[in-house]
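Since every read-out is calculated from the coordinates, none of them should be taken as a lab result. As the structure is a prediction and not an experimental result, all values here were calculated from the model. Positions of Cβ are generated from backbone atoms using ideal geometry, with glycine treated the same way; all protein chains shown enter the neighbour counts.
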Ligand SMILES: [Zn+2]
């Protein structure tokens, strides 16, 4: 097919750097030039220094960026930025086409898992930032590829995080460390709920994000649904109510096959 007639995602609005026709969805368009590139900005506040230390010592952003570069076609370079924001946050910027993970987000996670009594709260904090990154990747792919998404995009982004982390490897098994990352991410929302004193106000009910505990139960449901035998502990220990658990395998399979379809054209 001539480049000029290649299908172009509507609204991508990006320059055709590799001159093979603007980034398109055809299966043979393998030479998109984009990479994800990690960088760490300065940190001065105590929280930011703590968060930056957690991320840097694990080479977290470098590894996450390399994983995306290896697996997703990107139409142009996408910065992954660690920085001090003076608030705990992480976000995809549709204007800058970049993902930012605030150092304070990792510091806040460390605080949450320390209060939860974790043996290794730092490892849990790293896990939660891994899952947070894939949540932001969810916003990224919806924007970059103009993917259809109805319903709350924040829930869809949580689904992509679960989909990536719970996908079986070549041996058909789900990586136990990735399962733990989703479980830790789920527990982080319990921490957020506790930070708000368990109160639910109008602001939370009307927010673009679902309620903290609803997000926790969703993530637990998908972990359980991806492997009901291996993750039976979530139901046995009372974390995930049985009424919800009954439908989780179907829920996860639907989520997983939908993302297979949506991302298929963009996988390397
Ligand atoms: Zn989000």
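Points to keep in mind about this one:
- Calculated diffusion of the chain, Stokes-Einstein form, Kirkwood radius summed over Cα pairs, 20 °C and 1.002 mPa s, µm²/s: 110 µm²/s
- Once the Cα-Cα distance is subtracted from the 0.36 nm per residue extended length, the residue 44 to residue 154 segment shows a gain of 36.6 nm.
- Put a dot 7 Å past the Cα of residue 171, heading toward its Cβ, do the same for residue 208, and the two dots end up 4.0 nm apart.
- Compactness of segment 92-186 - radius of gyration and Dmax, Cα, Å: 14.4, 42
- Counted over all Cα-Cα pairs of segment 167-268, pairs farther apart than 21 Å make up 42 percent.
- 0 to 90° range, to nearest 10: angle between helix 46-57 axis and the chain longest Cα axis: 60 degrees
- Rg/Rh ratio calculated on Cα atoms of segment 195-237 (Kirkwood radius): 1.13
- Normalised alpha carbon radius of gyration of segment 141-195 [divisor 2.2 N^0.38 Å]: 1.36
- The chain, helix-only ellipticity at 222 nm - DSSP H runs n ≥ 4, -39,500 (n - 2.57), divided by all residues, nearest 500: -16000 deg cm²/dmol
- Point-to-point label distance, residue 257-residue 91, nm (Cα→Cβ direction, 7 Å offset): 3.7 nm
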